[in-house]
Every structure is written in C-alpha cells, then in structure tokens.
Amino acid sequence: MHLEYKRTFAYVKRMARTKTISDTALLDLLLATVQVHGPAGLSFAKAAAASGLAAATLVQRFGNRDGMLEAILLRAWDLLDEATETAMAEAGPGATGAVDVLLRLTHEQASDQSFGDGLLLLREDFSNPVLRARGARWGTRLAEALGNRLSPDAAHAVRLGWQMASLWQGTLLWWGFSREGSPRERVKQVLLEWCDGQQRGDRSTC
C-alpha cells in the first residue's frame, strides 16, 4: 500500500467511528483496501471491517459488490486525472516538458506487490466498459498535452503524443520484468533517447 493511502486508511478509519464518512473519503479508504486484497478479494465484509461501517450501509450506498468496485476504480481515475492535470500545469514547454509530465506520473520506486496490484486493477478497467471509456479519455487528454509540446503541427502532434505515451507505458511494463534501476530512471532514459532520435530525424521539435 502506498504511503498516502496508509495515511488515508488510518484517518478515515478513525473518522468512521465518530460520524458518517463522505463518499469521497470512503472511496479513498476502500481503494487502499483493494490495493491490499486485490479486486477479487474485495467483499462487503472486508469493506465493513476496514471502514467501520455496517455491511448493510455499504450495500445501501453501492447496491452490490460490482457497483462498489466500479465506484472505487472510478475514484482511482479521478485521482489520476488530478495528478495528470497538475503535472501538465507544472511542467515546462517543449520536449523537456513532455518528458517531465510523464516523469511526474511515474513512481520513483515500485515494489513487486504494488506493481502486480496495478496490473490487477488494469484488468478490471479493461473488462468494465465504463472504466475502459474513462481510461480512453485519460489517454486522449495525455497524448494531446504531450503532442502539443512536441510539434506545432496538429496532426503530427497527435501522432507524437500517442507514440510517447505508448512508449512510456511500454517502458514501465518491461521495467516490471528487468527491474534495472528505478522506474523513473528507466523512463527518463528511454524517453530522452526517443526525443533525440526524433530530433536527428528532423521529424518534430524534440
């Protein structure tokens, strides 16, 4: 479990014993629970134990287990959207800024558990059309922001943005096998090499 979710878990669990938890706070807590037990391990019993709310109360909020899991993963997309917009706002222009956006979205370190948990969450996203559409929108927004930093030509910018986003995700996937250096070190190396190749080929403003 990431440190920020450990803190959220402890805070919301204390709050659950004194008053009703807001939907957002509850979803943050349950997201931490999913990261511990995995999507398949989520149940109303585990959610009730983690939150201090009765299982019947959770059923009233979410309807069924699938509805609860979907709400939790939609909250995860909310958090990623927020992090992405922040990265875009804080990163500079040009290729250096595009690389910086993706570095800000890459964890410095990733344990075996956290990396595997992330893949399990992606499996749920792929199988649920609502979550799959959310991921597609995020990808389009990210590719657009990257491309606008790479080329003044709109059509070319779209292609470059998707290439860079795909290279980033592919690098993280292969890092999961090799574990050479940190994820951020590997991403930075690969993306800078790609930008250098684009520049030498005179194909963009990288």
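When peptides 187-193, 159-165 are ranked by their average number of other Cβ atoms within 10 Å per residue, the highest-first order is 159-165, 187-193.
Over the Cα atoms of region 28-148, the radius of gyration divided by the Kirkwood radius equals 1.04; this is the Rg/Rh ratio.
Please report the orientation-averaged projected area of region 119-206, defined via the convex hull of its C-alpha atoms, in nm².
Details: hull surface 25.6 nm².
Dividing the Cα hull surface by four gives the mean projection, 6.4 nm².
Just to verify a number: FRET efficiency for L122 and A55, C-beta to C-beta distance, R0 = 22 Å, to 0.05?
Values: r = 28 Å, r/R0 = 1.26.
Using R0 = 22 Å, I get an efficiency of 0.20.
If we count every other residue with Cβ under 9 angstrom of E90's Cβ, Lys/Arg +1 and Asp/Glu -1, where does the sum land?
Values: positive: R104; negative: D100.
Around E90, the charge tally is 0.
Working note: Karplus 6.51/-1.76/1.60 with θ = phi - 60° gives region 190-198 the couplings 5, 5, 5, 5, 5, 5, 4, x, 4 Hz, where Gly and Pro are set to x.
Quote the FRET efficiency, to the nearest 0.05, computed for E85 versus V36 with a Förster distance R0 of 22 Å and r equal to the Cβ-Cβ distance. Working shown, then result.
Numbers: r = 28 Å, r/R0 = 1.25.
FRET efficiency, E85 to V36: 0.20.
Bear in mind these aren't lab numbers, they're just calculated from the coordinates by the rules spelled out. These numbers were taken from a predicted model, which means no experiment stands behind them. Cβ atoms come from the backbone with ideal geometry, glycine included; neighbour counts cover every protein chain shown.
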